[in-house]
Amino acid sequence: LQKTLILLQVTLSVVVGKTLMILFPNAMKRYILKMGEKSRMNQNPKFSYENWGPTFFSFKYLLFVLKVKWKRLEDEAYEGHPAPNTPVVTLGGEVRHLLDFMADNRPLILNFGSCT
């Protein structure tokens, strides 16, 4: 049921977004650029709007968002239950799973932070 609701929500969002891109291309470009500012996507001078802007609300975009949202459904953690074995990417670019880093009876400690 949750996957069906997510499918409907994302599909509706993509259809509305694509329609607005067709009807109001300049306004949507400004909107997408504003979203790019929040994610710092537009700070790379070699990565212009023309490279990534038109991909918004495409079929590939729809599939990507569905994949991410459906995967997040599996990543819920509940107190007293086993931890989800979420995929992670190492600094070397290798895809591993979180529980691959467990060793013997040592606890696995996750440290989240950011550098600015």
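The values are calculated or read from the model by the stated rules, or taken from the named source; none is laboratory data. From a predicted model like this one, the values you see are computed outputs, not experimental measurements. All Cβ positions, even for glycine, are placed from backbone atoms using ideal geometry, and neighbour counts span all protein chains on display. We work out accessible area using only protein heavy atoms, side chains counted, and drop any ligands, DNA or RNA first. Shrake-Rupley method; radii C 1.70, N 1.55, O 1.52, S 1.80 Å.
Tell me whether the chain comes out rounded, prolate or oblate; compute the Cα gyration tensor, take square roots of the eigenvalues as a ≥ b ≥ c, and use a/c under 1.5 as the rounded threshold.
oblate
Distance check, please: which entries in Lys38/Lys69; Lys3/Lys60; Lys3/Lys29; Lys29/Lys60; Lys46/Lys71; Lys18/Lys38 exceed 25 angstrom between their Cα atoms?
Lys3/Lys29; Lys46/Lys71
Carbon and sulfur atoms: what percent of the 1.4 Å accessible area of the chain do they account for?
Percent of accessible area from carbon and sulfur atoms in the chain: 61.
Multiply the residue gap between Lys29 and Val16 by 0.36 nm, knock off their C-alpha separation, and tell me the result in nm, one decimal place.
3.2 nm
Per residue of the chain, what 222 nm ellipticity follows from adding -39500 (n - 2.57) for every DSSP H run with n ≥ 4, rounded to the nearest 500? The partial results should precede the final answer.
Details: 4 runs with 56 residues, N = 116.
Value at 222 nm, helices only: -15500 deg cm²/dmol.
Just tell me, in residue order, which DSSP H segments of the chain are both 30 angstrom or longer along the helix axis (alpha-carbon based) and at least -1.0 in mean Kyte-Doolittle hydropathy.
Sorted by number, the helices that extend far enough and score high enough are 2-23.
Would you be so kind as to identify which of Val65, Leu20, Leu98 lies farthest towards the positive end of the dipole of the chain, taking Lys and Arg as +1 and Asp and Glu as -1 on Cβ and the Cα centre as origin?
It is Leu20, whose Cα lies furthest towards the positive end.
Taking the Cα centre as origin and putting +1 on Lys and Arg beta-carbons and -1 on Asp and Glu beta-carbons, what dipole magnitude results for the chain, to the nearest 20 debye?
With only Lys, Arg, Asp and Glu charged at Cβ, the dipole is about 640 debye.
How would the range 49-116 be classified by its alpha-carbon gyration tensor: rounded, prolate or oblate, with rounded meaning a/c under 1.5 and the a/b versus b/c comparison settling the rest?
prolate
Can you tell me, using C-alpha contacts under 8 Å and at least 6 residues apart, the relative contact order of the chain as a whole percent?
It comes to 19 percent, rounded to a whole number.
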